[in-house]
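K.L.:
Below: one structure in structure tokens.
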Amino acid sequence: MAKITFVEFNGTEHEVEAEEGTTLMEAAINNMVPGIDADCGGACACATCMIYVPAEMAAKIPEAEDMETTMIDFAENADATSRLSCQITVTPELDGAKVKLPESQH
Amino acid sequence: MTNQVVIVGAGHAAGQAAASLRQEGYDGKIVMIGDEPYLPYQRPPLSKKFLAGELSIERVYFKPPAFYEKADVEQKLNTTVTEIERAQRTVHTSTGESIPYSKLILATGSRVRELNVPGFDLDGVNYLRTIDDVSKIQSKFKEGNKLVVVGGGYIGLEVAAVAVKRGIDVTVLEMAPMVMARVVDPIVSSFYERIHAEEGVKIVKGAAVSSFEGQDGKLTRVNCSDNTNFDADFVVVGVGILPNVELAQAAGLDVENGIIVNEFCQTSDPDILAIGDCTNHPNPLLGERLRLESVQNALEQGKTAAATICGRELVYAQIPWFWSDQYDLKLQIVGLSAGYDEAVVRGNPDDGRSFAVFYLKEGKMIAVDAVNRPPEFMMGKLMVAGGAKLPAETLRDESINMKEMAQMAKDAS
Ligand SMILES: Cc1cc2nc3c(=O)[nH]c(=O)nc-3n(C[C@H](O)[C@H](O)[C@H](O)COP(=O)(O)OP(=O)(O)OC[C@H]3O[C@@H](n4cnc5c(N)ncnc54)[C@H](O)[C@@H]3O)c2cc1C
Ligand code: FES
């Protein structure tokens, strides 16, 4: 288990227990965090599970693969720190991480 | 009577409607009645990662079990709604219950079309719609076993892709002269035929299955009407679906190729709404009525129905999109290509594994098929929505990137 905090666009924080081996998207959905739609259920096909990852956390996770990078590149509200949460696997190193959510996923 | 929304069916659309009702602030009771033994789950993984054994059941649930408790959604699983008594605003169930509603949502989805040829009931003849279907198919996943997939639609081809990776000998029988004929252009079809051949799947076109043959109740062979036959340890039939409309029909609601609803997901009885695969709905962006089989449609209609019940107008107006995963290929489709008069190819489908097709009708972009091409898909969404009109040479030109392309389309309109 790793504690992850999702910060909504309006600043509301949700600290959740994320199970190792699952994805950050699933951690959000399973804990009813608003602001992650995940329409395709993690297939890297919709870009509605976008989050902003701070640099110190980005260093602890594998870089995005091509498919993810290009999806983000064309997603609304995306910036250089954006990642798709369905492509990030929870590991113990992520304990205590804080990620931000966009204003909307569409 | 107190407010009580009853949802018939416990699939993707039902799950979304329940979640959206609470998000919209609905504080009455919600009762969800489903005939399967499971909480709402996602079907796409059933022919993809779940079939491949890469996901546990918990990971295909639409929402975790705790959600229904927290959102105060009463679940009645393993229960079929057998009748809607509109005058009494009550539904009757297979378990002998009568449940009153103030609003009713029909989220009955669809069922597989069966192939009623001799031998249809042999052990080894499978369909793919539910978690239980997957278990049956997986029990035959032994290296060297022979699988015949009947129907070269996207579900059949996804199954073929998963099975061949497991060392299974796979043959796909398709009646039409090309695979995925219902959804894509021949360019995309032949691309997928090439890839499946490269991966070791045999595709036989123009093959009409006439019977299944077996020994001691177990399937051994698939016979076609041209007298060809194929040895098989198991079969997966994927020849389309039928919307579950009978309940609505028996209640006297308008039904024609789906349960007829308006842009707010209301049926011909405004207190009864219908969402997802079972609906025939208007699409104001496309200017026509559609019945769709897609997650997007199930989710968005779930949201619209919830808003309607809560007195908020949220017109269902979406450009359809869809995806299919086969091997390392992600096909993303936006729009509906039916009726196109020109298909413009970007990239080379005869070589490699990435290209896109833009479908034009009278010069206007109506759909995009993108294979491992997220930029074409993402910008395609904008361009189809905006009715982009760009010359074919421009669309084909890979020295123009897709962001520039979308901007050019916007400037030109
Ligand atoms: C193998 C497979 C792969 C797919 N892949 C994709 C994909 O990649 N992308 C995509 O967008 N879509 C895909 N789809 C389609 C998508 O899953 C459906 O469009 C979606 O599930 C529709 O949701 P729904 O809630 O309308 O219907 P369903 O999911 O069919 O749910 C309806 C439920 O209601 C139940 N029910 C029906 N009548 C009654 C009754 N009288 N009483 C009680 N319960 C009842 C049914 O048994 C069912 O459980 C796929 C479908 C399948 C089967
Ligand atoms: S859930 Fe669709 S891309 Fe992550």
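The values are calculated or read from the model by the stated rules, or taken from the named source; none is laboratory data. Just so it is clear, the model here is predicted, and its values are computed rather than measured. Positions of Cβ are generated from backbone atoms using ideal geometry, with glycine treated the same way; all protein chains shown enter the neighbour counts. Side chains included, ligands, DNA and RNA excluded: accessible areas come from the protein's heavy atoms. Shrake-Rupley method; radii C 1.70, N 1.55, O 1.52, S 1.80 Å.
K.L.:
For the range B:295-307, enumerate the residues that are surrounded by fewer than 24 Cβ atoms within 10 Å (Cβ to Cβ) and touching a Leu at 6+ places or on another chain (Cβ under 6 Å).
P.N.:
Once the filter is applied, which keeps residues that are surrounded by fewer than 24 Cβ atoms within 10 Å (Cβ to Cβ) and touching a Leu at 6+ places or on another chain (Cβ under 6 Å), the range B:295-307 yields only B:Ala307.
K.L.:
Sticking with this one: From the list A:Glu65, A:Glu15, A:Glu76, pick out the single residue that is farther than 30 Å from B:Ala317 by Cβ, modelled with pLDDT under 95 and out of contact with any Asp or Glu (no Cβ under 9 Å at 6 or more places or on another chain).
P.N.:
A:Glu65
K.L.:
So, one more: Condition first: part of a helix (DSSP H, G or I) and either surrounded by 14 or more Cβ atoms within 10 Å (Cβ to Cβ) or within 13 Å of another protein chain (Cβ to nearest Cβ) (or both). Now tell me which residues in the range B:397-413 satisfy that.
P.N.:
B:Met402, B:Lys403, B:Glu404, B:Met405, B:Ala406, B:Gln407, B:Met408, B:Ala409
K.L.:
Looking only at helices (runs of 4 or more DSSP H) that fall completely inside chain A, which ones have 3 or more residues that are crowded, with 18+ Cβ neighbours inside 10 Å?
P.N.:
Working: elements: A:24-30, A:55-58, A:66-73.
Ranges flagged: A:24-30, A:66-73.
K.L.:
Could you please tell me which pairs satisfy a Cβ distance under 7 Å, a separation of 6+ or placement on different chains, a first residue in the range B:1-19 that is within 14 Å of chain A (Cβ to nearest Cβ) and within 16 Å of ligand 2 (Cβ to nearest atom), and a second residue that is in a helix (DSSP H, G or I) and modelled with pLDDT of 95 or more?
P.N.:
Pairs found: B:His12/B:Gly276; B:His12/B:Val295; B:His12/B:Ala298; B:His12/B:Leu299; B:Gln16/B:Ala298; B:Gln16/B:Leu299; B:Gln16/B:Gly302; B:Gln16/B:Lys303.
K.L.:
Hey, another quick one. Quick one: which strands (runs of 3 or more DSSP E) lie wholly within the range B:69-179 and hold at least 1 residues that are crowded, with 16+ Cβ neighbours inside 10 Å and either near ligand 1 (Cβ under 10 Å from one of its atoms) or polar (S, T, N, Q) (or both)?
P.N.:
On the way: elements: B:73-76, B:81-85, B:90-93, B:98-100, B:103-106, B:110-112, B:125-127, B:146-150, B:169-174.
Hits in the range B:69-179: B:73-76, B:81-85, B:90-93, B:103-106, B:110-112, B:125-127, B:169-174.
K.L.:
Shifting gears a bit: Regarding B:Asp351, is this residue within 17 Å of the chain's Cα centre (by Cα) and open to solvent by 30 Å² or more (accessible area, probe 1.4 Å)?
P.N.:
No; evaluated as a whole, the condition is false for this residue.
K.L.:
Considering (1) crowded, with 18+ Cβ neighbours inside 10 Å; (2) farther than 18 Å from A:Asp39 by Cβ; (3) of a type outside the set (Val, Ile, Thr), say which one B:Leu292 fails and leave the rest.
P.N.:
Evaluating B:Leu292 over (1) crowded, with 18+ Cβ neighbours inside 10 Å; (2) farther than 18 Å from A:Asp39 by Cβ; (3) of a type outside the set (Val, Ile, Thr) leaves (2) as the failure.
K.L.:
In this structure, is B:Ala388 more than 14 Å from chain A (Cβ to nearest Cβ), touching a Leu at 6+ places or on another chain (Cβ under 9 Å), under 16 Å from B:Trp323 (Cβ atoms) and not in a helix (DSSP H, G or I)?
P.N.:
On the way: more than 14 Å from chain A (Cβ to nearest Cβ): yes; touching a Leu at 6+ places or on another chain (Cβ under 9 Å): yes; under 16 Å from B:Trp323 (Cβ atoms): no; not in a helix (DSSP H, G or I): yes.
Judged against the criteria, B:Ala388 is not a match.
Listed here are the residues, each with its yes/no results for (1) farther than 30 Å from B:Ala18 by Cβ; (2) touching a residue at least 12 places away in the same chain (Cβ under 8 Å); (3) away from chain A (no Cβ under 11 Å); (4) open to solvent by 50 Å² or more (accessible area, probe 1.4 Å).
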{"position": "B:Ile309", "(1), (2), (3), (4)": "no, yes, yes, no"}
{"position": "B:Ile319", "(1), (2), (3), (4)": "no, yes, yes, no"}
{"position": "B:Ile333", "(1), (2), (3), (4)": "no, yes, no, no"}
{"position": "B:Lys364", "(1), (2), (3), (4)": "yes, yes, yes, yes"}
{"position": "B:Asp369", "(1), (2), (3), (4)": "yes, yes, yes, no"}
{"position": "B:Pro375", "(1), (2), (3), (4)": "yes, yes, no, no"}
